[in-house]
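Beneath this line is the structure, given in structure tokens, with notes to follow.
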Amino acid sequence: MTDEIQTAEHSSETAEGRGRESFAELFEQAASTLKEGEVYPGRVTRIDDDMVTVDVGFKSEGLVPAWEFMEEDGTLTVKVGDTVDVLVEELEDAEGHIVLSKEKADRLKIWDEISRAYEADEPVEGTIVSRVKGGLSVDIGVKAFLPGSQVDLRPVRNLEHLIGERQRFKIIKFNKRRGNIVLSRRALLEKEREKLRAETLATLEVGQIVDGQIKNITDYGAFIDLGGIDGLLHVTDMSWGRVNHPSDLFRVGDELKVKVLKYDPESQRVSLGLKQIQPDPWVDASMKYPLGKRVEGRVVSLTDYGAFVELEPGIEGLIHISEMSWTKRVKHPSKLVSVGDTVEAVVLGVDERNRKLSLGMKQIEPNPWSVIEEKYPIGTRVRGTIRNITNFGIFVGLEEGIDGLVHVSDISWTEQIKHPSEKFKKGDEVEAVVLKIDKENEKFSLGIKQLTDNPWDGIQKKYPIGTEIEGPVTNVTDFGCFVELEPGIEGLVYSSEMAAERVEHPSDLVKVGDRVKALVVKVDPDEQKISLSMRAVHDKEERKALEEMAARQKQTQTTTLGDLLAEKLAKRGQESEK
């Protein structure tokens, strides 16, 4: 500003507060030095509807549009006699008046103030008015630009929510000629943060309880501003209980007290804990949850092997899949419970050191297997529906959750069953006999063939060794052939017992359906095996034929000698008579 303007401004201040000189004297001094484009003090002499008359000590008074003195609601901010600063736009218009502007004078004063703040590295205040390309527009008396990177210490995704806020800024670029002003809020925050950081680091210690504010939340934890320095509150240190995600407990901006767990002065890394300032629920857990106690909790997680139930924040118990039902074969816990369900259980075990607690759901109800022997004594005849068929037998449902197994070997005394599906299908109703009950392993054995007498029990009396039988060949193998003695009873003729001569293959001698004779040579009722011999029949027949031949020969020999003796005696008699 020129020396003349500075003199006028100084005079204006004096007129307002100090009373050293009259306005008339000031105007007389300034009248001869008025220049267009400069700011001078003036006194309001008249107010009309659309113009305000201001005397700046020139030969004629100046005019200022009335709207330049109005608030947004139209209220006039000056009255006659007030002193105001105005800019001389024209020394004389067509009507001989000086053209003045309060608005332009204010703007010049603002630019001067901004320039002074920039030179002195002082902050300025302003209101964020709109979103523009690359950042925000700020009103600090004149429009200035706030780049998006200079809004905060961290990137701000949503700039619109800042519109309307009044903040303090640092001027980082200033060009009055081009009307270019660039601001930074981040620079002030960094300066404040450095001051806070130094103060915080000077007092920070492991084990200290400090106040903080959540600045950011991630999947693995939350970053807490402790005052110029951030500390990490890991998700595992937030609560003694289960935390699925930090956002379930906190929001950005939340204030809380935390404990300093670790602090590295070199890297300035700080680890924080929240649960560490709260009692550990596992202390004396065995006292709170003794064995056999019935408890209630909420299902918080499911795995393939069981369900985790929260009894209180920080204490969870596992219901293993094997402890969910006495009778149902549970393939996955989700078949019985869902996350969020409230369930009852019994405490089966507590391990305070390893923070493990075992629960059981099935123990809430009586074990049906504990009375199974009384309900189904061995030898009892039962009826049930086939629930499942496997290659080793059939499972028969007797009641809810109680299945009995009929092993393939207990289906028939005599039939050779390769697979149970040859005789049964799922849903069939069958009758069986209780053979065995194993309560500890929850196994129930049934038998169908035991409904009838075992035909092998009297087989030795019916077919003693040496008995000759005749029957059809039912099967020919590499080692011999099977011959049916009666329905369900077969005997085996090994190839070595088929003929006296060597047999290359049994099929060279017999075919399925051929009727053959054989002798019983061995009977084993326990193994249900009968050994036969076709060769023995042939040998027997040969022996019989030889015996008959020998008898005939003997008879023939005996008659001839008698005759000879008779003849000899007769001759002797005749000779004696002579």
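General remarks:
- Of the numbered criteria (1) free of Cβ contacts under 8 Å to residues at least 40 places away in the same chain; (2) in contact with a Lys or Arg (Cβ under 9 Å, 6 or more places away or on another chain); (3) not in a loop (DSSP other than H, G, I, E, B), the one Gly141 fails is (3).
- Screening the candidates Lys288, Lys262 for the property of being over 21 Å from the mean Cα position of the chain (by Cα), of a type in the set (D, E, K, R) and under 23 Å from Arg353 (Cα atoms) yields one hit, Lys288.
- Filter result for Val252 (among the β-branched types (Val, Ile, Thr), assigned to a loop (DSSP other than H, G, I, E, B) and under 30 Å from Glu194 (Cβ atoms)): yes
- Those residues of the stretch 294-311 which are of a type in the set (D, E, K, R) and surrounded by 13 or more Cβ atoms within 10 Å (Cβ to Cβ), in sequence order: Arg298, Glu310
- Residue match in the stretch 113-120 (condition: of a type in the set (Asp, Glu), under 60 Å from the mean Cα position of the chain (by Cα) and closer than 30 Å to Asp152 by Cβ): yes
- Contact map, the stretch 242-254: residues that are touching a residue at least 60 places away in the same chain (Cβ under 8 Å) paired with residues that are hydrophobic (A, V, I, L, M, F, W, C), Cβ distance under 6 Å, separation 6+ or inter-chain. Pairs shown: Arg242/Val300.
- Among the conditions (1) closer than 30 Å to Gly404 by Cβ; (2) surrounded by fewer than 19 Cβ atoms within 10 Å (Cβ to Cβ); (3) touching a Lys or Arg at 6+ places or on another chain (Cβ under 9 Å); (4) touching a residue at least 24 places away in the same chain (Cβ under 8 Å), the only one that Gly314 does not satisfy is (1).
- Residue list for the stretch 317-353, restricted to those being among the basic types (Lys, Arg) and free of Cβ contacts under 8 Å to residues at least 40 places away in the same chain: Arg329, Lys331, Lys335, Arg353
- Residues (outside any loop (DSSP other than H, G, I, E, B) and closer than 15 Å to Asp49 by Cβ) located in the stretch 60-81: Leu63, Val64, Pro65, Ala66, Trp67, Glu68, Phe69, Met70, Leu76
- Annotation for the stretch 197-209: no member residue is on the phi > 0 side of the Ramachandran plot and out of contact with any strand residue (DSSP E or B) (no Cβ under 8 Å at 6 or more places or on another chain).
- Candidate set: the stretch 66-104, residues that are modelled with pLDDT of 80 or more and small (Gly, Ala, Ser); chosen: the one farthest from Arg46 (Cα to Cα): Ala66
- Only strands (runs of 3 or more DSSP E) whose full extent lies in the stretch 154-221 are considered here, and the ones with at least 2 residues that are closer than 22 Å to Lys257 by Cα and touching a residue at least 12 places away in the same chain (Cβ under 8 Å) are 209-217.
- Condition check for Val521: among the hydrophobic types (A, V, I, L, M, F, W, C), surrounded by 12 or more Cβ atoms within 10 Å (Cβ to Cβ) and in contact (Cβ under 8 Å) with a residue 24 or more places away in the chain: yes
- Evaluation of Leu435 against the conditions (1) closer than 20 Å to Ile402 by Cβ; (2) not assigned by TED's automatic domain parsing to the domain that holds Thr385 shows that the sole unmet condition is (2).
- Qualifying residue in the stretch 397-414 (condition: within 30 Å of Val510 (Cβ to Cβ), within 55 Å of the chain's Cα centre (by Cα), surrounded by 17 or more Cβ atoms within 10 Å (Cβ to Cβ) and not aromatic (Phe, Trp, Tyr)): yes
- Positions within the stretch 374-407 being outside any strand (DSSP E or B) and of a type in the set (S, T, N, Q), in sequence order: Thr380, Asn391
- Exactly one residue among Leu451, Leu435 is out of contact with any Gly (no Cβ under 8 Å at 6 or more places or on another chain) and not basic (Lys, Arg), and that residue is Leu451.
- Matching residues in the stretch 331-357 - criterion: being surrounded by 17 or more Cβ atoms within 10 Å (Cβ to Cβ) and touching a helix residue (DSSP H, G or I) at 6+ places or on another chain (Cβ under 8 Å): Pro333, Ala345, Val346, Leu348, Val350, Leu357
- If only residues of the stretch 202-256 that are loosely packed, with under 12 Cβ neighbours inside 10 Å and charged (D, E, K, R) are counted, the one that is farthest from Arg154 (Cα to Cα) is Glu205.
- Just one of (1) assigned by TED's automatic domain parsing to the domain that holds Gly221; (2) among the hydrophobic types (A, V, I, L, M, F, W, C); (3) touching a strand residue (DSSP E or B) at 6+ places or on another chain (Cβ under 6 Å); (4) in a loop (DSSP other than H, G, I, E, B) fails for Trp240. It is (3).
- One residue from Ile417, Ile394 being among the hydrophobic types (A, V, I, L, M, F, W, C) and either touching a Cys at 6+ places or on another chain (Cβ under 6 Å) or surrounded by 16 or more Cβ atoms within 10 Å (Cβ to Cβ) (or both): Ile394
The values are calculated or read from the model by the stated rules, or taken from the named source; none is laboratory data. Predicted model, so just to flag it, every value in this text is computed and none were measured. Here the Cβ is made from the backbone with ideal geometry for all residues, glycine too, and neighbour counts use every protein chain on show.
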